[in-house]
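A short write-up of the structure that comes next.
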Amino acid sequence: MKVLVTGGAGYIGSHTCVQLLDAGHQAVVVDNLCNSSEEAVRRVESIASASLPFHKVDIRDNDGLAKVFDQYDFDSVIHFAGLKAVGESVAKSLMYYQNNIQGTLTLCDVMAANNVHNLVFSSSATVYGDPATVPIKEDFPLSATNPYGRSKLMVEEILRDLHVSEPAWNIALLRYFNPVGAHASGTIGEDPSDIPNNLMPFISQVAVGKLEKLSVFGNDYPTPDGTGVRDYIHVDDLANGHLKALERLQAQPGVVTYNLGTGNGYSVLDMLKAFEQETGKSVAYEIVARRPGDIATCYADASLAKKELGWQATRNVEDMVRDAWKWQSQNPNGYR
Ligand code: NAD
Ligand code: WQD
């Protein structure tokens, strides 16, 4: 298959490109590099020993995208490009709606003009808001509490409407739980441009000496040890879900929605201890107040993806923390 990967220089996109190339597909990346580096694309080429054409294009740029579509005969698009920081989305809501919604609309316009109707979209478990129960199934009620989450919800709805008006579209909405870890080689990984918002990169940066200590946001949640529980999933398992979704779209299913998680919940302290045990590094931490907007517990029922995609996560928490550390210790300053 010939696959356009928007946001392919980013964290999840780069790992997915490795797997696309390894599986013998042709991949092409468009990315405006607002949160990534072209070096990631070069490293993907070196891991996969294959070429990965890169075009520095903003997905809101209709003409720029159209020129890329002119050069290749794409079968499908995997659409990762977007902004993803929850706190920033509250402060800069217009920027988030512009980027995540306008970007997707422009992408869909250019796809339609080129007769490309297969789309895999990066959605998020954030669309479940604060779920009444766990594990979370795909048909649970949807809600959002911040502009980032709302942009994901709105794009999901836009894409469902698109299929109703144009049934030729086949769209997979993939709701990721908490992606962590890195490629087992340690040569590509998550490279936050600022102080990390997410737990695992924060832990890794404390361990490598870039940050002093982890603030654990609350230990009074109704969870076994009082800290927040999440469904952490190895980025390579997540990447593989995209290849399975592409295969599923070949059967022309219309719009399909899948949770991509492991189905297991781990607390903040579980992750911290697993990291320390696996890497032999100690990670200083202190308990601080809850982070506004956080929920107690979130983990997936991933049985639909298993049944319909033949996909399930195969890597455990030890794999996640080992690979996260391999990337961080080999690249203390990320791609810079
Ligand atoms: P990332 O920031 O590493 O990757 C996103 C990429 O998109 C970056 O390379 C960035 O430069 C690019 N980009 C952003 N806006 C663009 C634009 N207008 N035009 C072209 N390129 C643009 O993030 P990631 O963690 O790899 O996330 C990928 C997708 O998955 C995002 O849509 C994100 O919202 C979604 N997601 C991420 C997580 C997570 O925790 N990492 C969880 C759920 C969903
Ligand atoms: C995990 C746990 C924190 C940092 C976010 C987005 C979500 C999705 C994934 C994109 C929580 C605790 C964290 C720290 C801590 N992204 N924590 N100290 O909040 O589950 O989800 O990323 O779609 O939309 O909201 O992930 O990694 O930030 O937090 O104690 O410095 O770690 O309270 O319990 P979260 P996270």
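The values are calculated or read from the model by the stated rules, or taken from the named source; none is laboratory data. Model, not experiment: these values are computed from the prediction. Here the Cβ is made from the backbone with ideal geometry for all residues, glycine too, and neighbour counts use every protein chain on show.
Of all the listed residues (Ala168, Ala207, Ala132, Ala144), the sole one being in contact with a His (Cβ under 8 Å, 6 or more places away or on another chain), away from ligand 1 (no atom under 11 Å from the Cβ) and modelled with pLDDT of 95 or more is Ala168.
Which of the residues that make up the stretch 144-159 are assigned to a helix (DSSP H, G or I) and farther than 24 Å from Val255 by Cβ? Selection gives nothing.
Ala239 satisfies every condition listed in (1) touching a Leu at 6+ places or on another chain (Cβ under 9 Å); (2) not in a helix (DSSP H, G or I) except (2). For the stretch 26-45, the tally of residues that are closer than 19 Å to Tyr72 by Cα and either part of a helix (DSSP H, G or I) or touching a residue at least 60 places away in the same chain (Cβ under 8 Å) (or both) stands at 2. Filter the stretch 182-202 down to residues that are in contact with a strand residue (DSSP E or B) (Cβ under 7 Å, 6 or more places away or on another chain) and within 11 Å of ligand 1 (Cβ to nearest atom), then give me how many there are. Matching residues across the stretch 182-202 total 1. Candidates in the stretch 103-135 are the residues that are aliphatic (A, V, I, L, M) and under 18 Å from the mean Cα position of the chain (by Cα); of these, the one that is nearest to Phe69 (Cα to Cα) is Leu119. For the condition surrounded by 15 or more Cβ atoms within 10 Å (Cβ to Cβ) and away from ligand 2 (no atom under 16 Å from the Cβ), Val164 does not qualify. Looking across the stretch 62-83 at every residue that is assigned to a helix (DSSP H, G or I) and among the small types (Gly, Ala, Ser), the one that is farthest from ligand 2 (Cβ to nearest atom) is identified as Ala66.
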